[in-house]
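In what follows, a single structure is set out as structure tokens and then discussed.
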Amino acid sequence: MTIHRRLLARPAVVLAVVVVALLALSACGEAGQPAASPSPTPSSRLGMASSPTAPEQDESSSGTGEALIRILDPWARPSAQAGEMSTSAVYLVIRNQGQETDRLLHAESDVAETVELHRTTMDGGMMKMEPVQAIEVPAGSDVELKPGGLHIMLIGLKRDLEVGDRVTVTLRFERAGEMEVVAEVRQP
Ligand SMILES: [Cu+2]
């Protein structure tokens, strides 16, 4: 009876070790550290393996240190007059393919004097916007920056932004670090 149970249990243990090794690989890609040997406490992390991330793990194993944050469809509003008072906004989708929450902390661009993270709110029927400290992107989810919502505000444009122009924006994330994004100027 006891022997029987042990034999049955063994494949499950092997599977658990493989899953933990995969988790360790994807985690080290994120942290940029050399692969550590699998931790001896697999059971606490097994729950995370049940989330449907298998295709993404395949993707990230194809290259070391592949970004766990991906930026999709970046674009910017056109603006006809450069100058201190002129503004534009950059919109994009932040996809967090990792297993930890990340935060967009800061953005900058050479086309604007000041770049702020903003959100749009309704105040008694009036739309207004205000700076936010950070934009949180939970593990395994997308956050969309879009007109009427969160956006990257460009203030004090150094040049006109015409449809078809490209705007380079540097984003800084708490975990993923800095990344450069090229947003095409287009009509909303
Ligand atoms: Cu704004």
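The values are calculated or read from the model by the stated rules, or taken from the named source; none is laboratory data. Keep in mind that what you see is a predicted model, and the values were worked out from it rather than measured. Cβ atoms come from the backbone with ideal geometry, glycine included; neighbour counts cover every protein chain shown.
Annotations
- Answer from V182, V143 - the residue that is surrounded by 13 or more Cβ atoms within 10 Å (Cβ to Cβ), at pLDDT 95 or above and among the β-branched types (V, I, T): V143
- Sole exception among (1) of a type in the set (V, I, T); (2) assigned to a strand (DSSP E or B); (3) more than 16 Å from the ligand (Cβ to nearest atom) for V163, by number: (2)
- Taking the criterion of being part of a strand (DSSP E or B) and more than 10 Å from the ligand (Cβ to nearest atom), the residues of region 128-138 that qualify are I135, E136, V137.
- Residue in region 139-146 that is within 10 Å of the ligand (Cβ to nearest atom) and either closer than 25 Å to R95 by Cα or out of contact with any Phe, Trp or Tyr (no Cβ under 8 Å at 6 or more places or on another chain) (or both) present: no
- Residue list for region 109-127, filter: within 15 Å of the ligand (Cβ to nearest atom), among the charged types (D, E, K, R) and under 19 Å from M179 (Cβ atoms): E116
- Complete set of residues in region 70-105 that are more than 15 Å from the ligand (Cβ to nearest atom) and closer than 13 Å to I135 by Cα: V93, I94, R95, N96, T101, D102, R103, L105
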